[in-house]
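The structure under discussion appears below in the form of structure tokens.
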Amino acid sequence: MLEVVMTEQQPARLVTRMNRAIRDEITGLILNRRLKSGDPLPTETELVEALGVSRNSIREALKALQALDIVEIRHGYGTYVGRLSLDPLADGLTFRALHDIGRDLRSMEEIVEVREALEGALIRRVAATIPEADLAVLDEVTRRMHERATAGETFAEEDCEFHEVLYRSLDNALVTQLLRAFWDVFHRVNHRLGVTDPDPMQTVRRHRAIVTALRKRDVARAEAAMAEHFRNLDVRVAQLRST
């Protein structure tokens, strides 16, 4: 049971500490019981009794954890362990980038730099071992990208799929979530500000160059092709300067 000593000084700070303590107790419960995503949590009443705090405090803590995708509140059904995704990270980075644009573009540049560093390392790992089945999917994705570019359409979803398939043989769920988070941020900001790809066909060619290098199992060439691909993203960031 939580014990909080209340004083006359700094009540707001004490409330914050109390709320954090309640969240810690709930997350500790999830960990101690080894609950998985989708598993039900104790009821609100059970949490009130177990932690010795008010119902309102429990509700506020659960709302905060829901915002982090740690819990999911299903009204009328109960509370469950959330998807534990990186969606809150993407939301926070998107807001940060949009907030900073107008003063400088450093936030967007940092996002591209981190993604480039991550993918530069990952491409070296998969270049010599990527399965033929994944190469076939990458061929199909680039074909669809070309069709959309020819028709004057965007291909953001195909772009995202390309990068996820590229590294799925690593069997690393965190890599997939991180890449999608960074991808979501970049495209949300571009969409919000009306920034588009200045040369879609060049983007398609750069994706094809990556696949060609992978088919040859040429690590250095794959790395160079990925670096060239990111030069296109640098152009997109530069476009933001005129928004």
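No lab work stands behind these numbers, since they all come straight from the coordinates. Since this is a predicted model, take the numbers as computed values, not measurements. Every residue, glycine among them, receives a Cβ derived from its backbone with ideal geometry; neighbour counts consider all protein chains shown.
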Against the longest alpha carbon principal axis of the chain, how many degrees, from 0 to 90 and to the nearest 10, is the axis of helix 219-239 turned? 70
Just subtract the alpha-carbon distance of E109 and E132 from 0.36 nm times their residue separation and send over the number in nm, one decimal. 4.9 nm
Taking a temperature of 25 °C and a viscosity of 0.890 mPa s, what whole-number D in µm²/s does Stokes-Einstein yield for the range 128-243 with Rh from Kirkwood over alpha carbon pairs? 165
Can you show me the helix-derived [θ] at 222 nm for the chain, built from DSSP H runs with n ≥ 4 at -39,500 (n - 2.57) apiece and divided by the number of residues, rounded to the nearest 500. -23000 deg cm²/dmol
For the range 87-242, what is the relative contact order in percent, using Cα pairs closer than 8 Å and at least 6 residues apart in sequence? 36
For V141, V126, ascending order of other Cβ atoms within 10 Å (fewest first) is V126, V141
Determine the gain in length on full extension of the stretch N32-L118; use 0.36 nm per residue of separation and subtract their C-alpha separation, reporting nm with one decimal. 27.7 nm
Once label points are set 7 Å from the Cα along Cα→Cβ at both E228 and Y77, what is their separation, rounded to one decimal in nm? 4.9
Could you work out how much longer the chain between H191 and K63 gets when fully extended? Use 0.36 nm per residue separation minus the Cα distance between them, nm to one decimal. 43.2 nm
To the nearest 10 degrees, how steep is helix 132-150 against the longest Cα principal axis of the chain, on a 0 to 90 scale? 80
Per q in 0.07, 0.10, 0.12, 0.14 Å⁻¹, report the Debye log10 I(q)/I(0) for the chain, using one uniform scatterer on each alpha carbon and no solvent. -0.35, -0.65, -0.82, -0.96
About its Cα centre, what dipole magnitude does the range 11-81 give when the only charges are +1 on Lys and Arg Cβ and -1 on Asp and Glu Cβ, stated in debye to the nearest 20? 200
Please list, ordered by chain and number, the residues whose modelled amide H lies under 5 Å from the amide H of E72; skip anything fewer than 5 residues away on the same chain. Y80, V81, G82
Once phi for every residue in the range 125-130 is put through the Karplus expression 6.51 cos²θ - 1.76 cosθ + 1.60 (θ = phi - 60°), the whole-Hz ³J(HN,Hα) values, with Gly and Pro written as x, are 6, 9, 3, 8, 10, 4
For the range 138-199 and the range 43-81, what is the separation of their Cα centres, given in Å? 36
Report, to the nearest 10°, how far helix 200-215 tilts away from the longest principal axis of the Cα atoms in the chain, using its own Cα long axis and a range of 0 to 90°. 90
Of the residues L62, L138, L51, which exhibits the maximal mean-square fluctuation in a Gaussian network model of the chain defined by a 10 Å Cα contact cut-off? L51
